[in-house]
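Visitor: Here you go, one structure.
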Amino acid sequence: MTNPLISAEALARRFSTGGGWLRPARSMMAVRGVSFEVAKGEVLGVVGESGCGKSTLARLVLRLIEPTAGRVTFDGQEVTGLGPGDLRRLRRRMAMVFQDPYSSLDPRFTVADALTEPFAVHGERPPAGRINALLDQVGLSLAMAASYPHQLSGGQRQRVGIARALAQAPDFIVLDEPTASLDVSIQAQIIALLSELRRGNGLTYLFISHDLGLVRYFCDRVLVMYLGAVVEVMPRADASPRHPYTRALMDSNFVPDPTRRKTLQALKGEIPSAFDLPKGCAFAARCPRVTDLCRAENPALRDLTPGHPVACHHPL
């Protein structure tokens, strides 16, 4: 990929807990050696079960938390080595939309206050008419500027969150499960809005979700994570999965069809503890294709076909 907007190289993040008299110290790798690139104008999906490290990865990319190892580059500039002042200036070009629109908004702020906040962080005042323009961009009435979060519906609150992310006219937005807490009909409206904003503003998205069906609909490429590591990168959203875990995620989102029901294979076994990962493949305990090689050796992420890397000893 030439001149990617975002590039992550061997990102890792370790969290520790315990360390007291009765609780020995333990540590876990929430993100394990993740590398990827996102081209300008692209939508890269990140999918996986809860606890696989998706949200931690998003915060590492924006440097909301510091990586244990690895680096992130934004438009040719390394983010992980910047000081506070330079990082703040660069963050004008980045933004994030959070999963829960209610908890991400200050209940004491009106909608206008929430949209003014990104400018206040930089010691500025919003340009004349900017707040009204943001409300119009996300399909909200100008009268809502005086409303508080508790007076809005879930979909309206998420639109406010999107408008706040657009306040500084960023190039790159992380969407951390922006539709997970919304009704299905509202999800469709939010996805349509995000698609329109992408076209109109030339935005680049990192779209995080546990719903592979939604990711395949909205994204250009798909990054599949399991217990902190990437197990497959699908070069197209409609590509055939090659990793058994990706296939299982896809089957979990299938439309009920009696002709397919006999071919679906439910995952068995338990997810290993992130504090005590097995020696070999982390998915081995649940994989229907497991062999002794899988239990002994962790598979490397390698290209099966150009642009389609898979971390599996026995890919589909």
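Visitor: Just the residues that are assigned to a strand (DSSP E or B) and closer than 23 Å to ALA284 by Cβ, please, taken from segment 211-229.
Guide: If the condition is that a residue be assigned to a strand (DSSP E or B) and closer than 23 Å to ALA284 by Cβ, then VAL222, LEU223, VAL224, MET225, TYR226, ALA229 are the ones that fit.
Visitor: If you don't mind, there's one more thing I want to ask. If you take the residues of segment 232-254 that are among the charged types (D, E, K, R) and outside any loop (DSSP other than H, G, I, E, B), which of them is most open to solvent (accessible area, probe 1.4 Å)?
Guide: ARG247
Visitor: Does any residue in segment 52-66 that is without any contact (Cβ under 8 Å) to a residue 40 or more places away in the chain come within less than 6 Å, Cβ to Cβ, of a residue that is in a loop (DSSP other than H, G, I, E, B) and not acidic (Asp, Glu) six or more places away or on a different chain, and which pairs are these?
Guide: ARG59/ILE65; ARG63/VAL79
Visitor: On to the next question. Given the criterion more than 19 Å from the chain's Cα centre (by Cα) and not β-branched (Val, Ile, Thr), identify the matching residue among ALA237, ALA192, ALA143, ALA229.
Guide: Numbers: ALA237 fails: more than 19 Å from the chain's Cα centre (by Cα); ALA192 fails: more than 19 Å from the chain's Cα centre (by Cα); ALA229 fails: more than 19 Å from the chain's Cα centre (by Cα).
So the residue among ALA237, ALA192, ALA143, ALA229 that is more than 19 Å from the chain's Cα centre (by Cα) and not β-branched (Val, Ile, Thr) is ALA143.
Visitor: Would you confirm whether or not segment 56-68 contains a residue that is modelled with pLDDT under 90, touching a strand residue (DSSP E or B) at 6+ places or on another chain (Cβ under 6 Å) and not acidic (Asp, Glu)?
Guide: Looking through segment 56-68, none of the residues is modelled with pLDDT under 90, touching a strand residue (DSSP E or B) at 6+ places or on another chain (Cβ under 6 Å) and not acidic (Asp, Glu).
Visitor: Please determine whether any residue of segment 265-280 is assigned to a loop (DSSP other than H, G, I, E, B), open to solvent by less than 20 Å² (accessible area, probe 1.4 Å) and either more than 24 Å from LEU60 (Cα to Cα) or modelled with pLDDT of 95 or more (or both).
Guide: Taking every residue of segment 265-280 in turn, at least one turns out to be assigned to a loop (DSSP other than H, G, I, E, B), open to solvent by less than 20 Å² (accessible area, probe 1.4 Å) and either more than 24 Å from LEU60 (Cα to Cα) or modelled with pLDDT of 95 or more (or both).
Visitor: I need every pair where a residue in segment 282-308 that is over 12 Å from LEU267 (Cβ atoms) has its Cβ under 9 Å from the Cβ of a residue that is among the polar types (S, T, N, Q) and open to solvent by 80 Å² or more (accessible area, probe 1.4 Å), sequence separation at least 6 or different chains.
Guide: Short answer, once both residue conditions are applied: ALA282/ASN298.
Visitor: Then there is this: Restricting attention to segment 91-112, which residues are at pLDDT 90 or above and in contact with a Phe, Trp or Tyr (Cβ under 7 Å, 6 or more places away or on another chain)?
Guide: ARG93, MET94, PRO107, THR110, listed by residue number.
Visitor: What strands (runs of 3 or more DSSP E), lying completely within segment 1-102, carry at least 3 residues that are open to solvent by less than 40 Å² (accessible area, probe 1.4 Å) and within 20 Å of ALA311 (Cβ to Cβ)?
Guide: 6-17, 26-38, 43-47
Visitor: Please enumerate the residues belonging to segment 68-86 that are among the β-branched types (Val, Ile, Thr) and over 11 Å from LEU5 (Cα atoms).
Guide: Within segment 68-86, THR68, VAL79, THR80 meet the criteria.
Residues are listed down the side, and each one gets a yes or a no for (1) over 23 Å from VAL43 (Cα atoms); (2) surrounded by fewer than 20 Cβ atoms within 10 Å (Cβ to Cβ):
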| site | (1), (2) |
| --- | --- |
| GLY129 | yes, yes |
| LEU134 | no, no |
| ALA167 | no, no |
| ASP171 | no, yes |
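Visitor: Let me ask another. Which numbered condition trips up GLY213, out of (1) more than 19 Å from ILE6 (Cα to Cα); (2) modelled with pLDDT of 90 or more; (3) open to solvent by less than 50 Å² (accessible area, probe 1.4 Å)?
Guide: Every listed condition holds for GLY213 apart from (2).
The values are calculated or read from the model by the stated rules, or taken from the named source; none is laboratory data. The model shown is predicted, which means the values in this text are computed figures rather than measured ones. We place every Cβ from the backbone using ideal geometry, glycine too, and count neighbours over all the protein chains shown. SASA here: full protein model, heavy atoms, side chains in, ligands and nucleic acids out. Shrake-Rupley method; radii C 1.70, N 1.55, O 1.52, S 1.80 Å.
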